[in-house]
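Bear in mind these aren't lab numbers, they're just calculated from the coordinates by the rules spelled out. As the structure is a prediction and not an experimental result, all values here were calculated from the model. FYI the Cβ positions are ideal-geometry reconstructions off the backbone, even for glycines, and counts take in every protein chain you see.
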Amino acid sequence: MSHPASTHRALKHPHRPAHRWALACLAALAGSGAWCATPDSLQSGYAAQAGSPPSAARGQVLFTARHGHDWQCSSCHGAVPTQPGRHAATGKPIGPLAPAANAERFTDPAKTEKWFRRNCNDVLGRECSALEKADVLAWLRSLQP
Ligand code: HEC
């Protein structure tokens, strides 16, 4: 089975990409690169957009409940996202979604937005609201490996 080298590295050496990212992130901040983010800054952004505070408990329900479609979030990411998941259709490994277990998570707003859009459409049949994204982030950030 083949999977991207970066995923492989992230699983084997969870700390190395974070260092590389931190340096690149500092460089980008100096040049005001919009792609530079942290799980905290993304959650704050969604909460500000929603105009109300996030709830980790609501995030867990959204993540693990069935929403009338074939898949739940946990079908691919697992109900314990500090651990690796597996794509429900292709069987491909997916690195842990919780940032405490995977330093690359929620550091690239374009990537986060792309997958929220795609996965919420698959699971809920619509895009997630800003509040729902903030809720999911609050729950994922509360998890420790
Ligand atoms: C059919 C499988 C599948 C389902 C169901 C699924 N995901 Fe994903 N998700 C993926 C894959 C594949 C990726 C991209 C690969 C990676 O980042 O490891 C991903 C990435 C993400 C990311 C990107 C995180 C980052 O690195 O910034 C978020 C956020 C996410 N998923 C949230 C969700 C949420 C919320 C749900 C439920 C509404 C969900 N996913 C359901 C397969 C799935």
H67 versus A110, label points 7 Å from Cα toward the beta carbon: distance in nm?
2.5 nm
Listed highest first by mean packing, meaning other Cβ atoms within 10 Å per residue, what order do 131-137, 79-85 come in?
131-137, 79-85
Along the Cα-to-C-beta direction of S41, a point sits 7 Å from the Cα; which residues of segment 90-107 have their amide N less than 16 Å from that point?
104-107
For S129 and Q144, extending 7 Å from Cα along the Cα-Cβ vector and measuring point to point gives, in nm, a value of 3.2 nm
Determine, from the Cβ-Cβ distance of S55 and T90 and an R0 of 30 Å, the FRET efficiency 1/(1 + (r/R0)^6), rounded to the nearest 0.05.
0.40
